[in-house]
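Worksheet: one structure, shown below.
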Amino acid sequence: MSLIDTNRTAQEATALGVRARDRAMEAAAQAIPAGKRAGTTAVQGVLQGVQGAREWAAPRIDDAVYGAREWAAPRIDDAADAVTTTVAPKVSSALHATAQQVRPTETQKAGGWRLVNWRWLVGAGVALAAVGAGAAIAMRRRYASATAEAKNATESPEDSGTARDGDPASDAIRSDVNGRVTTPGT
C-alpha cells in the first residue's frame, strides 16, 4: 500500500503529527544526557591525551636541552680562549700605552726645581708672613716713639707747668704733632 493510495482523514494526520512530536521529544530527552556524558568523556579523553603527550615529551625535551648544552659548552670555552689569546693582549697593550701617555715625565723637574714642592713653598710662605708681621710691629713701635719724642721736643717746659684747665692760657689755639689745629670749644 502506498501513501498516495490511502485515504487519511485530518484527525488521523493530526494524531500522526502528535505521535511524531512525542517521539521526537522522547528522543531529545534521551539525547541530552547522552550528549552530556559524551562531552564529559571527550574532555576526560583530551585531558588524558594531554597528560600522555606531556609524559612522552618531557624526557625527550630534557634530552634535547642536555644535548644542546653539551654541544654549546666546548664552543663557548673555545670562544673564551680565543678572546683571551687575541683580544685581551690587545686591550692590555692599549691600556699600557694610554697609561704611558698620561704619566707625567720626570724631565720637567730638573736641577734645583726637584727640591721645590708644595711643602717647601708653604713653609717659605709662613716664614715670609712672620718676617712681615715682625717688621710691621717694629715700624709701629718706632713711629710711636718718634711721635712721642717730637711731642716732647715741641713743648716748652714753661708751657707744661703754667697752662692749667680754666686758665686763659689753656684756652689758646693749639696745634698737635700731626698738624691739626684745634681751637677751644671744638
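Could we say that VAL50 is in a loop (DSSP other than H, G, I, E, B), out of contact with any Gly (no Cβ under 9 Å at 6 or more places or on another chain) and either surrounded by 10 or more Cβ atoms within 10 Å (Cβ to Cβ) or at pLDDT 85 or above (or both) here? Walk me through how you get there before you give the answer.
Details: in a loop (DSSP other than H, G, I, E, B): no; out of contact with any Gly (no Cβ under 9 Å at 6 or more places or on another chain): yes; either surrounded by 10 or more Cβ atoms within 10 Å (Cβ to Cβ) or at pLDDT 85 or above (or both): yes.
It is false that VAL50 is in a loop (DSSP other than H, G, I, E, B), out of contact with any Gly (no Cβ under 9 Å at 6 or more places or on another chain) and either surrounded by 10 or more Cβ atoms within 10 Å (Cβ to Cβ) or at pLDDT 85 or above (or both).
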Exercise for the section: Return only the number of the condition from (1) at pLDDT 90 or above; (2) part of a loop (DSSP other than H, G, I, E, B) that VAL116 does not satisfy. Expected result: (1)
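The values are calculated or read from the model by the stated rules, or taken from the named source; none is laboratory data. Since we're looking at a predicted model, the values are computed, not measured. Neighbour counts are summed over all protein chains in view; Cβ atoms, including those assigned to glycine, are modelled from backbone coordinates with ideal geometry.
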